Amino acid sequence: MNFEASQKKPGEKLLKTQIEVDQGVIKKIVFAGDFFIHPEETLDKLEAHLLNTEKKSVGDRIDDFFSDKDVKLYGVSQKSFKDVVEAALM
Amino acid sequence: MKCRLITQKANKAFFNMAQDELMLDRVSQGDVPVLRIYCWSPPAVSIGYFQRLREEVDEATCQDKGVDIVRRMTGGGAVYHKTEATYSIIAPQKMMPHDILKSYEKINQGVIEALSLLGIESGFRPLNDIVVGDKKISGNAQTRRRGCILQHGTILLAVDPKEMFTILKVDSEKLRDKAIKNVQQYLTSVKDELGYEASYEQMAEKLKEGFSKALDLDFFEEQLTAEEAESARRISEDKFKTRKWNYRR
């Protein structure tokens, strides 16, 4: 099943996600938007980190990803990633 | 700080992005910092590194009008490059503030000074805009790789909102009309501010002076060597022109 959502929080840029789920597990996830992330490779790594994650565990998995990273986010936040995924999967 | 100055006329979008990557590579290997000033022909859209091309650009209209589409190495939004001057500055990270916001503010002083020399008073609006009042006249984007900072940005010499919103996607016809009407509230250009359209050459000269003054740059002018031009051409063909790069997201 395919899910998608987009959000633009005050003070942030547009963030979109498209997610493919099979039997409750994420098979593909893509984020997009006009934000800045340093280093840029972080987003590919986040998406890879979330593959094969159960829907119900995605928020924790996002937190886990950012817990040990030296990443700078501008126009988007760790919470925004969680919120847009939650909005998509609702 | 000694800095190589490359002042160009118009290039294709893919070649512009390829030169940025080439210079980033060369400066990371010890070459002196580079400031390149250029424009775009044919007109082009560059999308941010994290954007989805199909969602941001009307591909059919671009094809009809001969507008190129390229993904940048830097984040941020979709930009329609037509009547503008663009700069790219590549320097070792240690020569700029470590803090990303402060580095944007510092580098953007070059553009602010250039606009001042043209008679336009502007200011920095975090993260990456230069504004006149509260209207954007310049957008900028930065990446940091291999110990270097690449920042590039545009200065709008003139803007045609109707044309811009046939090229850049808006969700519906209703929103398109609203976007065209509203754009004058948040966007401005050299022509809007001065009452006449400064030429690219005039703006390029002011950018040279502005960056020299604001960043204390001691320029020597050197155009691309034959080897650099060939290397950039290969990067253009092998990366920035490819579907694999431009549709990667």
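The values are calculated or read from the model by the stated rules, or taken from the named source; none is laboratory data. Keep in mind it's a predicted model, so treat the numbers as computed, not measured. All Cβ positions, glycine included, derive from the backbone under ideal geometry; neighbour counts span all protein chains shown.
Suppose we filter A:18, A:7 for residues that are in contact with a Leu (Cβ under 7 Å, 6 or more places away or on another chain) and closer than 26 Å to residue B:57 by Cβ; which single one remains?
Only one candidate passes the filter, namely A:7.
Per-residue answers, yes or no, for (1) more than 22 Å from residue B:53 (Cα to Cα); (2) of a type outside the set (Asp, Glu); (3) over 10 Å from the mean Cα position of the chain (by Cα); (4) away from every other protein chain (no Cβ under 14 Å):
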| residue | (1), (2), (3), (4) |
| --- | --- |
| A:3 | no, yes, yes, yes |
| A:32 | no, yes, no, no |
| A:45 | no, yes, yes, no |
| A:56 | yes, yes, yes, yes |
| A:69 | yes, yes, yes, yes |
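Which is over 30 Å from residue A:30 (Cα atoms) and touching a strand residue (DSSP E or B) at 6+ places or on another chain (Cβ under 7 Å), of B:142, B:223?
The match here is B:223.
Considering only residues that are of a type in the set (Gly, Ala, Ser) and in contact (Cβ under 8 Å) with a residue 40 or more places away in the chain, look in region B:183-198 and name the one that is nearest to residue B:166 (Cα to Cα).
B:189
Out of all the residues in region B:135-163, which are under 20 Å from residue B:102 (Cα atoms) and in a loop (DSSP other than H, G, I, E, B)?
Matches in region B:135-163: B:146, B:147.
How do the pairs read when you match residues in region B:69-92 that are over 21 Å from residue B:167 (Cβ atoms) and within 14 Å of chain A (Cβ to nearest Cβ) with residues anywhere that are modelled with pLDDT of 95 or more and part of a strand (DSSP E or B), using Cβ under 6 Å and keeping only pairs 6 or more apart or on different chains?
Once the first residue is over 21 Å from residue B:167 (Cβ atoms) and within 14 Å of chain A (Cβ to nearest Cβ) and sits in region B:69-92, its partners that are modelled with pLDDT of 95 or more and part of a strand (DSSP E or B) give B:73/B:143.
For the list (1) buried (at least 17 other Cβ atoms within 10 Å of the Cβ); (2) in a helix (DSSP H, G or I), I need the number of the one condition that residue A:63 fails.
(1)
Are any of the residues in region B:100-107 away from chain A (no Cβ under 13 Å), within 19 Å of the chain's Cα centre (by Cα), in contact (Cβ under 8 Å) with a residue 40 or more places away in the chain and crowded, with 22+ Cβ neighbours inside 10 Å?
yes
For residues that are part of a loop (DSSP other than H, G, I, E, B) and closer than 15 Å to residue B:81 by Cβ, tally how many sit in region B:52-70.
Result for region B:52-70: 2.
Of everything in region B:37-51 that's touching a Leu at 6+ places or on another chain (Cβ under 8 Å) and assigned to a strand (DSSP E or B), which residue is nearest to residue B:166 (Cα to Cα)?
Per the stated criteria, the residue is B:45.
Out of B:110, B:147, I need the residue that is more than 29 Å from residue B:179 (Cβ to Cβ), surrounded by fewer than 23 Cβ atoms within 10 Å (Cβ to Cβ) and in contact with a helix residue (DSSP H, G or I) (Cβ under 9 Å, 6 or more places away or on another chain). Which one?
Selected residue: B:147, the only one of B:110, B:147 that is more than 29 Å from residue B:179 (Cβ to Cβ), surrounded by fewer than 23 Cβ atoms within 10 Å (Cβ to Cβ) and in contact with a helix residue (DSSP H, G or I) (Cβ under 9 Å, 6 or more places away or on another chain).
Filtering region B:108-120 down to residues that are in a helix (DSSP H, G or I) and among the hydrophobic types (A, V, I, L, M, F, W, C), which residue is nearest to the other protein chains (Cβ to nearest Cβ)?
Among those residues, the one meeting the criterion is B:111.
Kindly indicate which of B:185, B:202, B:223 is within 24 Å of residue B:22 (Cα to Cα) and either over 19 Å from the mean Cα position of the chain (by Cα) or surrounded by fewer than 18 Cβ atoms within 10 Å (Cβ to Cβ) (or both).
One residue alone meets the criteria, B:223.
Quickly run through region A:5-30 and pick out the residues that are in a strand (DSSP E or B), more than 10 Å from every other protein chain (Cβ to nearest Cβ) and within 26 Å of residue B:79 (Cβ to Cβ).
A:5, A:7, A:17
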